[in-house]
Structures are given as C-alpha cells and as structure tokens.
1. Among what's in the range 99-113 and is hydroxyl-bearing (Ser, Thr, Tyr) and over 24 Å from GLY221 (Cα atoms), pick the residue that is farthest from the ligand (Cβ to nearest atom).
2. May I ask you to say which residue of ALA258, ALA275 is among the aliphatic types (A, V, I, L, M) and over 17 Å from TRP214 (Cβ atoms)?
3. Considering TRP212, TRP286, which residue is aromatic (Phe, Trp, Tyr), loosely packed, with under 13 Cβ neighbours inside 10 Å and more than 30 Å from ALA166 (Cβ to Cβ)?
4. Are any residues in the range 294-334 without any contact (Cβ under 8 Å) to a residue 24 or more places away in the chain and among the polar types (S, T, N, Q), and if so, which ones?
5. In contact with a Cys (Cβ under 9 Å, 6 or more places away or on another chain) and surrounded by 15 or more Cβ atoms within 10 Å (Cβ to Cβ): is that true of ILE238 in this structure?
6. If you take just the helices (runs of 4 or more DSSP H) that sit entirely in the range 229-336, which of them hold at least 3 residues that are within 16 Å of the ligand (Cβ to nearest atom) and of a type in the set (S, T, N, Q)?
7. Residues ALA203, ALA253: which one is surrounded by fewer than 17 Cβ atoms within 10 Å (Cβ to Cβ) and more than 30 Å from ALA166 (Cα to Cα)?
Amino acid sequence: MYTQAMDIEPQSSEAPDAPRTANAQQLLARFNARIDDGGFIEAKDWMPEHYRKTLVRQISQHAHSEIVGMLPEGNWVTRAPTLKRKAILLAKIQDEGGHGLYLYAAAETLGVSRDALLEALHSGRAKYSSIFNYPTLNWADIGVVGWLVDGAAIMNQVPLCRCSYAPYARAMIRICREESFHQRQGYDALLTMMREGTDAQRAMVQDAVNRWWWPCLMMFGPPDADSTHSEQSMRWGIKRISNDDLRQKFVDATAAQANVLGVTMPDPDLRWNEARGHFDFGPIDWDEFWRVIGGDGPCNRERLSTRVQAWEDGAWVRDAALAHARKQAEMPQRAA
Ligand code: FAQ
C-alpha cells in the first residue's frame, strides 16, 4: 500500500536510461559529464528517466511532509500560552504551507501534475516524513518540534541547496532560511519554560524531549546499509551527505544544545567519544521506523484522513476557480 511507484509517462521514447541509439548515448554522456563537474540540471535539460522519477519521489514526499507537518502544530494555535507565541506559531505554520507549494511547483517542472501527486498522498501510495505520525500532547511538544524536528530538517535540507536538480536546489535555499527561524523559535520557547517556568513546566519539556528524540533520529532515513536509494542518489548529486552522516551531525549539534537547555536526552549511551570526535549514541528501534512508514504509526490514519477531508472541503474552491478560468477564456470570443 505505502509505495510510491508514480505512474508517469516516460519523457521521451528516444532517450531511455539504457541508451540504444548514438543520440541517446550522447545525451547520457553529456548529462553524466555535467553531474561529474558538479553542475546543475534544469527542467528543460535531458535527464535519464530514473533520475526524473527519483526526484519526483523525493520532492513530492518532501512537499507532502511540509503540508502534513502543519497538522501537529495546527492543533495548538488556539492553545498557545501568549499572543506572541500564537503569532509566531501561525507564521510558522503558514511558512510550512508555503514550503509545500514551492516543492509541489518544483516537482511539477518534472512533468507530473499536482493533482497526481496529491492523489498519491490521499490514496496512501505516497510517503511523507515518519515524524509527523507522532502526536503533540502538550505545549512543550511545540517547542520540541521547532528545536528538534526543524533542527533535523535543516541538517538534512542544507545539503539539498546544492542538489543537482536546479529547481529543487533553488526552492531549498529559501526554505532553509525560514527553517532556521523555526528552529530558533522552538529553542527559545523551551528556554523560556526551562528558565522562567515552574517545575511542572520543566518536567513537560523533559517529557516532550523523551518522546521526540528517537523519532527525530529516524527522520534521516534507514542506516546507509539499508537505504535503497542512497547510492544512486549520491552518484547523481541529489543527496550530498548520507543518512548516517547527517544523523551523526544532528546528534553532535543537539547534544550540546541540550546541555544549555538543561534537559537530558533519553539515551544512556549518549556520550562524547574523543577518539571519533563525535558523540556515540544507542541503537535506534528500526522496527518502529518501518512500522510507522508502513502506515501503522500512532497518528497515520488521523493525519491522512485530515488531509483527505481538507481536499474534499476545498472542492468548491477548485470548481469556482475552474469556472472563472473558463469564463475568462470565453471572453475574447464573446467580444468578437
Ligand atoms: N519518513 O533509500 P532511503 C520538515 C523511506 S520536512 C518516511 O534512504 P531516500 C519540515 C524512503 O522514502 C521533512 N519515509 O530513501 C517541517 C524510501 O521509501 P520509498 C521531510 C522515509 O529518499 C518541520 C525508504 O524509506 N524532509 O520536517 C523516511 O534516499 C516542522 C528507503 O529510504 C524531506 O523529505 C522518513 N523519515 O532518503 C514541516 C527531505 N526516511 O520512497 C513542519 C528530503 C526514508 O522507496 C513542521 N528527503 N524513508 O518508498 C530526503 O532527504 C530523503 O528522501 C530522505 C530519505 C533522507 C528522507
């Protein structure tokens, strides 16, 4: 059920991945040379079909993650503790919606329609980030989503600003700037609770960290040895840093921030390893990860049904926009 074999027509029957003609060989050689030089591929350039499908899969999953990612935070708009926090949260959620739009637009440059992408999400064929299948139980969860979830997202997304597919790379530049604000506002909210809050509020922060830490480490994807797409995506310059290396960078960065905050990560094995120059950390429960991305996480069904409901509720807007476009198209004919 949860696979993403996008049903996309090949771009050109004359240019399959395994080049059969001299012309196709030339196109592939030019594409490979540009990738090897660290150059960018634009939407109008020839590309192997597998490269295009890989990008559609990754970019659309990323777009879906942004819009599904609005849901756990949306629950807290009416319950934010102050006007300032409410205004920040509203702005952040709006940014995530914007990120979804940039990314759907980037995916569309690869010749797939937004309707097809959304249909794949709504039918359960498309994936979105595992992290958004966990619930936000208290206000500290919103701070932790900013600090750790956005923090993990930035770690993964900064290298994507150099992705070989230029429309994706360009979208990522703006997204990363905004994610950096998101991470800071989360950390700031937690710092306020830890420094100015009550013991009960400090306990809420620790509880939220305990629940989110391991799922955040899973955001980077399976270990390199079990990653289906990494090798090819790295060869093509879509991914620049491997899942495990990004996870390690994230652990190193956040372990130090946890000390300043005064919280403890729920991992007895987390400690600095002088010889490696990195933090060691304990084993990740990969069974949980595969269960969640297979559709059986704590909130998968709720998240998907909320998105489907939003799509159905918006039908009248799409109908009205189409009716308006038809009317506009008929106008010159009427005048004639
Ligand atoms: N969740 O071979 P790999 C955000 C799947 S945005 C679900 O290693 P790949 C902003 C993977 O698709 C967060 N599925 O895959 C925000 C594949 O299955 P498939 C989203 C996952 O593509 C913050 C299979 O496992 N960011 O948070 C996950 O080379 C706060 C094998 O894996 C992006 O999407 C996962 N965590 O590497 C919004 C960044 N990991 O497709 C609101 C762009 C793996 O064959 C509030 N994406 N899978 O059926 C990427 O960098 C990559 O796609 C990875 C996975 C690193 C996620």
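1. Within the range 99-113, the match that is farthest from the ligand (Cβ to nearest atom) is SER113.
2. ALA275
3. Only one candidate passes the filter, namely TRP286.
4. Scanning the range 294-334 gives SER305, GLN309, GLN328, GLN333.
5. Spelling it out, ILE238 is indeed in contact with a Cys (Cβ under 9 Å, 6 or more places away or on another chain) and surrounded by 15 or more Cβ atoms within 10 Å (Cβ to Cβ).
6. Fully inside the range 229-336 and qualifying: 230-235, 243-261.
7. So the residue among ALA203, ALA253 that is surrounded by fewer than 17 Cβ atoms within 10 Å (Cβ to Cβ) and more than 30 Å from ALA166 (Cα to Cα) is ALA203.
Here is a yes/no grid of residues against (1) small (Gly, Ala, Ser); (2) more than 20 Å from GLY98 (Cα to Cα):
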{"site": "TYR134", "(1), (2)": "no, yes"}
{"site": "ASP150", "(1), (2)": "no, no"}
{"site": "VAL158", "(1), (2)": "no, no"}
{"site": "ALA169", "(1), (2)": "yes, no"}
{"site": "PHE181", "(1), (2)": "no, no"}
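The values are calculated or read from the model by the stated rules, or taken from the named source; none is laboratory data. Keep in mind it's a predicted model, so treat the numbers as computed, not measured. Glycine also receives a Cβ, built like all others from the backbone with ideal geometry; neighbour counts cover every protein chain displayed.
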